[in-house]
Structure formats: structure tokens, C-alpha cells
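The structure appears below as C-alpha cells.
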Amino acid sequence: MLSEPLVFVGSCDLAGIVRGKGFPEAELERRLDKGVGLTHSNIMMSAFGPIHRTPFGTLGDLMLVPDPSTRVEVPFDGGTAERFYLGDICTTDRTPWECCPRHFLRRALAALDEAAGLSLLAAFEQEFVYTGVEERPGATYALDAWRRQGGFGEAYMAALRAAGLVPDSFLPEYGARQYEVTVAPTVGLRPADAAVIQREMARAVAHRLGHRAIFAPILNPDGIGNGTHIHFSLRDRAGRPVLYDPARPYALSPLGERFIAGIIAHLPALCAVTAPSVASYYRLQPNRWAPVEANLGIQDRGAAIRVCPLFDPRDAAAEFNLEYRVADASACPYLALGAVVWAGVDGIRRALTLPAPGTAFPALPRSLDAALANLAACAPARDWFGPLLFDCYLDFKRAELAALDGLNPAEICARYVEVY
Ligand code: GLU
Ligand code: MG
């Protein structure tokens with residue numbers, strides 16, 4: 001049979017799903033320049049597929065332009081290669097479209113640079129369920145659970161490396177059939193690109209093996225959640241780490257305190273972006289090693305933001321990082337990371353301080369509905385998103401809520417499992 005290589009270019013959209021179009025590889029050079037055509041309403045495709053609501057109708061043309069730095073080319077024995085790019089959504093005159101999620105993160109990073117001359121170093125730690133192993137009690141963190149995934153882990157690590165990521169660890173997690181993958185941190189937009197590729201490669205390898213890697217926030221309402229934990233630190237223009245000061249509370253420098261205080265202050269609204277599905281709130285429950293308060297904790301895996309441990313005292317400042325734990329894979333990594341950065345920048349600009357020791361931290365919202373109400377009421381968030389994307393996002397998520405109306409929690413989980 002004749003066959004000709006195809007390339008896909010996608011955008012990770014408001015639902016956190018990579019969607020786009022394909023073209024013959026022979027056209028790559030032209031497509032890197034011109035992109036592929038897209039329409040405005042594409043951004044309103046729901047997690048479940050249909051466009052429930054859109055302010056754009058059937059009108060308009062945009063371009064999805066591949067970013068060469070995101071190139072993925074991973075061959076698979078006896079099957080089609082994974083060959084794709086992530087791209088920017090631009091208007092036909094090539095300016096970034098205000099609703100492009102990648103542009104949202106790029107603007108947040110520019111605001112961080114402008115407010116304090118800082119860049120962001122980050123990496124996503126992601127949990128998922130691999131369906132290629134039998135469900136067996138007692139296999140938590142077990143060598144046997146690690147062994148039973150067979151060739152998946154090694155094929156996955158090779159695929160990540162071939163896709164340009166640096167794998168850091170792969171391990172059996174706490175939940176049944178649950179695994180976790182971490183990669184080395186990177187700067188700027190790259191951590192979010194890498195997070196998307198990290199997910200897609202897990203799905204790609206599992207698919208080649210006849211299975212799935214499921215990143216849904218939780219598989220059933222009483223189960224163990226799949227968290228997406230975002231590790232981050234900040235660097236100045238000379239590349240020096242700026243968050244660490246061992247003499248101060250939480251070992252946070254004054255600048256670090258402001259950045260984190262901004263995130264804490266906005267967490268009740270950030271949830272609508274970083275934990276943006278109905279099922280996200282079945283994960284954010286007490287006693288699940290997942291956060292329920294907008295709090296900061298030293299080495300506390302129940303906190304919203306964890307001050308991570310230091311393993312190399314000789315290079316503590318460089319190693320020092322925080323982990324944002326209120327995220328899952330129903331979130332678009334560009335929106336999640338961007339929203340966290342915007343909140344931190346607001347903390348820097350307003351010189352916010354952390355709640356005094358002994359003061360209670362606010363609770364996190366207990367439902368997507370409540371989180372969306374917080375976001376809608378968050379005046380600065382309207383500027384972070386820009387009015388059009390802000391209204392689109394709220395409408396998009398409210399339509400997702402409405403689409404699940406009448407289903408019970410188990411049925412709701414099942415809907416998200418099908419998708420993520
Ligand atoms: N599975 C937990 C979550 O939903 C996290 C467990 C851990 O600390 O790695 O976030
Ligand atoms: Mg984990």
C-alpha cells in the first residue's frame with residue numbers, strides 16, 4: 001500500500017484537548033508559514049465534543065500556525081508515527097488571536113517580566129491511570145505494579161525523549177492502575193507545551209499497545225484523584241533564582257512571598273481555570289492527598305501550594321521550588337500556568353503578604369459552579385483574560401455544567417473518563 005507522511009497541527013483548547021488539522025509533510029514548509037485555517041467557534045468545542053454555545057456563530061477565519069519549537073516526531077514499530085506541532089491561533093493578518101490559550105500564557109509571562117524582570121521555570125508532574133494492567137488491591141507503589149505495566153513505561157520514556165522532553169521519573173502511584181510521570185523543568189512557554197506533549201505521548205504509547213492512559217481528574221467519585229501538580233520557581237534576568245530565603249517564613253524571599261500571596265488570594269477563582277471540570281471537585285476532597293484550602297504548607301501534600309523539600313544543600317536556592325496542587329488534566333496547561341502567573345504578578349504589583357501565622361486560610365470552592373462564580377467576580381481576572389476570552393471561558397464552562405445536568409457523580413466521572 002502506498003503511504004505518505006502526514007503532519008498534524010493542534011492547539012490545546014479551553015477544554016484542555018488538542019484539536020487541529022493535518023496536512024501532507026511535503027507541505028510542511030508552506031504550512032509553517034501559513035498555518036491551517038480555523039474558525040473562531042472551534043475554540044468553543046466542549047470537552048464532550050459539541051459546541052454548546054458560541055458567540056462567533058459560523059462566521060470568520062483564523063490561522064493555526066505551527067510553532068517549530070514544539071515539533072514532535074516519534075516513530076512506532078509497524079505503525080504510524082506521532083508527527084505533530086502545537087501552534088498559535090492568529091488572525092488572518094497574523095496577529096495573535098485574543099482567545100488563543102498559548103497567547104494567554106505568553107501575555108502572563110510578559111507581565112511577569114514587566115512587573116519584576118522575572119522568568120518562570122516550571123515542570124508538570126502528572127498522574128494517570130494506565131488501563132494495560134489488571135486492577136489488584138495492595139499494588140500501591142509496588143514493584144509488582146511497576147513491573148506489570150510491562151513495556152509501557154520504557155516505550156513512554158523513549159517517546160518523551162524523542163519528542164524533546166527530558167524524563168525525570170516514572171512510578172506506580174497510590175491508586176489502582178495509577179502511574180505518575182515527571183519531566184525536567186523548562187522556561188517560558190515550554191513547560192506548558194511540554195505538559196501537553198507529556199500527556200499526548202502517554203496516550204500515544206498506550207494506544208499503540210491497545211490500551212489507554214486516562215488523565216481524567218478522578219475515575220469514580222470515591223476513588224483516588226489524578227493530580228497535575230505544577231512545580232515552579234522564578235529567575236531574574238541573569239538567570240539567578242529569586243524565591244529562596246531560608247531565614248524567612250516558608251523560606252520565601254520577600255518577592256516570593258508577594259508572588260505566592262497573589263496566588264493564595266486568587267485561588268478561589270483560579271480553581272475555575274486549573275480545576276475546571278465538574279469531576280475536579282470529587283478529587284478536591286479531604287483525606288485524598290489533594291488540597292481543600294487555599295493554603296501554603298511546607299512539604300505538605302495536602303496543601304494547595306507545597307514548599308518542596310531540598311535535597312542538595314549546596315545548591316538550595318536553585319533547587320527551591322513550589323508545587324501548585326490544585327490542578328488536573330481537564331485544565332488547559334497554558335490557561336492553568338498563565339492564570340497562576342497572572343495571580344502571582346498581581347501579588348507582586350500589590351505587594352501582598354501571606355496571611356499571618358495562625359490565621360485560617362480560605363476554603364477552596366466545593367464545586368465548579370462555585371469556582372465559576374468566584375472567577376466571574378474576580379475583577380483582575382477580566383484583564384488577565386481580556387474581556388472576550390473571559391466571557392467565552394465563563395460561558396464555555398457554564399455550558400459544560402449544563403450538559404451534565406441530571407447525571408449522578410458516577411455518571412459524570414464516566415463522561416470525563418471517556419474524554420480525558
Ligand atoms: N493523587 C493525589 C492528587 O490527586 C496526589 C498524590 C501525591 O501526592 O502525589 O493530587
Ligand atoms: Mg503523585
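The values are calculated or read from the model by the stated rules, or taken from the named source; none is laboratory data. Owing to the predicted nature of the structure, the values given are computational and were not obtained by experimental measurement. As a convention, Cβ positions derive from the backbone with ideal geometry for all residues, glycine included, and neighbour counts pool all protein chains shown. Surface accessibility is based on the protein's heavy atoms, side chains included, excluding ligands, DNA and RNA. Shrake-Rupley method; radii C 1.70, N 1.55, O 1.52, S 1.80 Å.
Listed by first and then second residue, the pairs with beta-carbon distance under 6 Å, at least 6 apart or on different chains, first residue in the range 195-222 and free of Cβ contacts under 8 Å to residues at least 24 places away in the same chain and part of a helix (DSSP H, G or I), second within 16 Å of ligand 2 (Cβ to nearest atom) and open to solvent by less than 50 Å² (accessible area, probe 1.4 Å), are R203/A213.
Of all the numbered requirements in (1) assigned to a loop (DSSP other than H, G, I, E, B); (2) touching a helix residue (DSSP H, G or I) at 6+ places or on another chain (Cβ under 8 Å); (3) of a type outside the set (V, I, T), A272 misses one, and that requirement is (1). Of the numbered criteria (1) assigned to a strand (DSSP E or B); (2) over 20 Å from R199 (Cβ atoms); (3) of a type outside the set (A, V, I, L, M, F, W, C), the one H229 fails is (2). Test Y244 against the criterion of being within 16 Å of ligand 2 (Cβ to nearest atom) and at pLDDT 95 or above, and give yes or no. In short, no. For G164, indicate whether it is at pLDDT 95 or above, within 23 Å of the chain's Cα centre (by Cα), in a loop (DSSP other than H, G, I, E, B) and away from ligand 2 (no atom under 14 Å from the Cβ). So G164 fits the description; yes. Filter the range 247-293 down to residues that are within 16 Å of ligand 2 (Cβ to nearest atom) and among the basic types (K, R) and give me whichever is nearest to S46 (Cα to Cα). Within the range 247-293, the match that is nearest to S46 (Cα to Cα) is R283.
If you go through the range 330-353, how many residues are in contact with a Pro (Cβ under 7 Å, 6 or more places away or on another chain) and either of a type outside the set (S, T, Y) or open to solvent by 10 Å² or more (accessible area, probe 1.4 Å) (or both)?
Residues in the range 330-353 being in contact with a Pro (Cβ under 7 Å, 6 or more places away or on another chain) and either of a type outside the set (S, T, Y) or open to solvent by 10 Å² or more (accessible area, probe 1.4 Å) (or both): 5 in total.
Of all residues in the range 84-123, those being among the acidic types (D, E) and either under 17 Å from A15 (Cα atoms) or assigned to a strand (DSSP E or B) (or both) number 2.
Counting residues in the range 222-231 that are more than 13 Å from ligand 1 (Cβ to nearest atom) and within 16 Å of R288 (Cα to Cα) gives one or more. Sub-9 Å Cβ pairs linking a first residue in the range 1-22 that is open to solvent by 30 Å² or more (accessible area, probe 1.4 Å) to a second residue that is among the acidic types (D, E) and assigned to a strand (DSSP E or B), at least 6 apart or interchain, are F8/E82, ordered by first then second residue. If the condition is being acidic (D, E) and either within 14 Å of ligand 2 (Cβ to nearest atom) or open to solvent by 40 Å² or more (accessible area, probe 1.4 Å) (or both), then the range 172-193 contributes E173, E180.
I need the full set of residues from the range 119-161 which are away from ligand 2 (no atom under 16 Å from the Cβ), open to solvent by 10 Å² or more (accessible area, probe 1.4 Å) and farther than 17 Å from H207 by Cβ, in order please. Across the range 119-161, the qualifying residues are S119, L121, E134, E135, R136, P137, G138, L143, D144, R147, R148, R161. Quick check: anything in the range 231-249 under 24 Å from F128 (Cα atoms) and open to solvent by less than 10 Å² (accessible area, probe 1.4 Å)? The answer is yes, given that some residue of the range 231-249 is under 24 Å from F128 (Cα atoms) and open to solvent by less than 10 Å² (accessible area, probe 1.4 Å).
The single condition from (1) away from ligand 1 (no atom under 16 Å from the Cβ); (2) buried (at least 20 other Cβ atoms within 10 Å of the Cβ); (3) more than 22 Å from P75 (Cα to Cα) that I197 fails is (3).
Listed by first and then second residue, the pairs linking a residue in the range 117-130 that is closer than 30 Å to L219 by Cα to a residue that is open to solvent by 20 Å² or more (accessible area, probe 1.4 Å) and more than 15 Å from ligand 1 (Cβ to nearest atom), with Cβ atoms under 6 Å apart and 6 or more places separating them unless they lie on different chains, are A122/P185; A123/P185.
When E27, E127 are checked against the criterion of being within 28 Å of G227 (Cβ to Cβ), among the acidic types (D, E) and either at pLDDT 95 or above or more than 22 Å from the chain's Cα centre (by Cα) (or both), a single residue qualifies: E127. Any chance the range 25-37 includes a residue that's part of a loop (DSSP other than H, G, I, E, B) and surrounded by fewer than 21 Cβ atoms within 10 Å (Cβ to Cβ)? Among the residues of the range 25-37, not one is part of a loop (DSSP other than H, G, I, E, B) and surrounded by fewer than 21 Cβ atoms within 10 Å (Cβ to Cβ), which makes the answer no.
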